[in-house]
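Heads up, the thing below is written out as structure tokens.
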Amino acid sequence: MRTDPAPATAGPDRLELTIDSLGQEGDGVTRRHGAPLRVRYALGGETVLARETGRRRAIAEAILCASPDRVAPPCPLFGRCGGCVLQHLDREAGLAWKAGLVRAALRDAGFDAAPPVAAVQSPPRTRRRMDLALRRGPHGVTIGLHERGAEAVIALDACHVLHPVLFALLDAIRPTLTSLQGLRRAGSLGVNLLDSGPDLLLATDGALLPRDRALLADFAVLHGVPRIAWQAEGLRTGADAVPEVVCGVSPVLHRFAGVAVSPPPGAFLQATREGEAAIVEAVLDGLPERMPRGARVVELYAGCGTIGLAMAARAHVSAYEGHAGAVSALRAGGAGRRIEAHRRDLNRQPLLAREFAGASAVVLDPPHPGAGAQMREVAASAVPRIVYVSCNPNALAQDTRLLATAGYRLARYRVIDQFLWSARVESVCVFDRPAAVRRGPMPRPPR
């Protein structure tokens, strides 16, 4: 992308545009012929020369007047690799923009949202969870991320996001992946950097042969990888998907609130250690300051205990999760502590409003689409305090609008940016029900 304006001129294929703002996807937004036009790699307030790439979309090819928040992208892959969309934006300005997204979502839900009480950003090279695409070519297997908006896979030859341990693993494992006969054309590789070391979940488009398994076991022993699990490509998601452990070299352990847990293959892990710590701290701060002896907190979408095990030091925790492996891990790790893990698919069988009776608080950390039907039951309950952990401002607005309708008030919220240079943002929002309406379950908000 050019930033020197001298030779840059508009023409039949290039538009001179003034960008109004930065949109939710991290693209600049302007209006053309009365409708929004999204311009990739443009920032609010800039004047750019752009080329249209599709319906209501364009890409900036030269910057005529740059924003004061524009910086040189640190990674040479920026603009090709789809992992980062905002490396041209100053990090502090990016955090402020993400805080604005959360604030706008809360206002859209019906809350008068002041600025967040805190905004936290993870530093570069701290991402400890990755999900990479694998493509076999004439010169071996490419490990990387998809080009933004395309199927092509860009080799991850550099990365300013990944933890150095994970980035080094890519070069180490490439020869082994190239030798696998079960990896015919395409696959994926998910890695969690646990306290015990990298935990790998491999997916391939063909079945692993005995020789493939031996190669993976040799790699695990040589590089200190405690476990490698495998699934057929396309079956990696879902609460009932159970990967096969190809090799287990040593125990797989991770500590939440100082408690050792053995997560299942492909378990959910917060993206960075710093982000996880900020989320847990915000949730604990959001619990009622004074809870009666024997107080109970209901946790929804509990995972392996990231938040629940920390809350168990403050109250009895009833934790609900749909993934069987995560529930088993939480039960084993939480044995002897004030936490009970229940397996329940909250999308298909949400807890009813009456099941929250007597709870001092509800804490929920739903997946990206939000809490759906479960949120209607939460909003209809009489729980005095709700702590909502969100990774999607759109879902946050949709779900918490039900709380506003039910009479809840926004007490405070925090913003956590652990997906650096992306358009994703996390938040922890605390809601109270005024005492005047704490008289039993409320009518369920309309669908």
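In terms of its C-alpha gyration tensor, region 129-250 has a rounded overall shape, because the principal axis ratio a/c (a ≥ b ≥ c, square roots of the eigenvalues) stays below 1.5. Taking θ as phi - 60° and the Karplus parameters 6.51, -1.76 and 1.60, the scalar couplings of region 390-398 work out to 10, 10, 8, x, 5, 5, 4, 4, 5 Hz in sequence order, x denoting glycine and proline. Centroid-to-centroid, using Cα positions, region 332-361 and region 241-292 are 17 Å apart. By other beta-carbon atoms within 10 Å, ranking Ile416, Ile307, Ile143 with the fewest at the front produces Ile143, Ile307, Ile416. Among the trypsin sites (Lys or Arg not before Pro) in region 224-290, those located in a DSSP loop and surrounded by at most 11 other Cβ atoms within 10 Å of their own Cβ are Arg290.
With the simple model of a label 7 Å out from the Cα in the direction of the Cβ, Ala150 to Arg290 spans 6.3 nm. Relative contact order of the chain, taken over Cα pairs closer than 8 Å and 6 or more residues apart, is 13 percent. Extension gain for Arg255 to Arg107 (0.36 nm times residue separation, less C-alpha to C-alpha distance): 49.6 nm. Of all DSSP beta bridges confined to region 315-430, the antiparallel ones make up roughly 55%. Each of Cys304, Cys247 has some number of other Cβ atoms within 10 Å of its Cβ, and from fewest to most they run Cys247, Cys304. Dipole orientation for the chain: of the candidates Ala373, Asn394, Pro243, Ala373 has the Cα lying most toward the positive pole (charges on Cβ; Lys, Arg +1; Asp, Glu -1). Result for the chain in a Gaussian network model with C-alpha springs under 10 Å: among Ala411, Ala93, Ala324, the largest mean-square fluctuation is at Ala93. Geometric descriptor of the chain, per residue, is 152 Å³ (volume of the convex hull of the Cα atoms). When the chain is treated as a Gaussian network with alpha carbon springs shorter than 10 Å, the biggest mean-square fluctuation among Ala406, Ala203, Ala96 belongs to Ala96. For the chain, the 222 nm mean residue ellipticity estimated from helices alone, with every DSSP H stretch of n ≥ 4 adding -39500 (n - 2.57) and the total spread over all residues, rounds to -7000 deg cm²/dmol. One chain, two ends: Val221 and Arg51. Fully extended at 0.36 nm per residue, the span grows by 56.1 nm beyond their Cα-Cα distance.
Gain on full extension, evaluated as 0.36 nm per residue between Ala158 and Arg348 minus their Cα-Cα distance, stands at 64.2 nm. Between Ala72 and Ala241, the modelled label-to-label distance comes to 4.1 nm, taking each label 7 Å out from Cα in the direction of the beta carbon. The 3J(HN,Hα) values that the Karplus relation (6.51, -1.76, 1.60; θ = phi - 60°) gives for region 167-182 are, in residue order, 5, 5, 5, 5, 5, 5, 8, 4, x, 5, 5, 4, 7, 6, 6, x Hz. Gly and Pro appear as x.
Restricting the trypsin sites (Lys or Arg not before Pro) of region 333-442 to loop positions (DSSP other than H, G, I, E, B) with no more than 12 neighbouring Cβ atoms within 10 Å leaves Arg348, Arg439.
Within region 129-250, antiparallel bridges make up roughly 80 percent of the DSSP beta bridges whose residues both belong there.
In the chain, the DSSP beta bridges split such that about 65 percent are antiparallel, to the nearest 5.
Here the spin labels are modelled as points 7 Å beyond Cα on the Cα-Cβ line, and at Ala373 and Leu209 they lie 4.7 nm apart.
The numbers here are math on the coordinates, done by the rules we state, and not lab data. Since we're looking at a predicted model, the values are computed, not measured. Cβ sites come from the backbone with ideal geometry, for glycine too, and all protein chains shown count toward neighbours.
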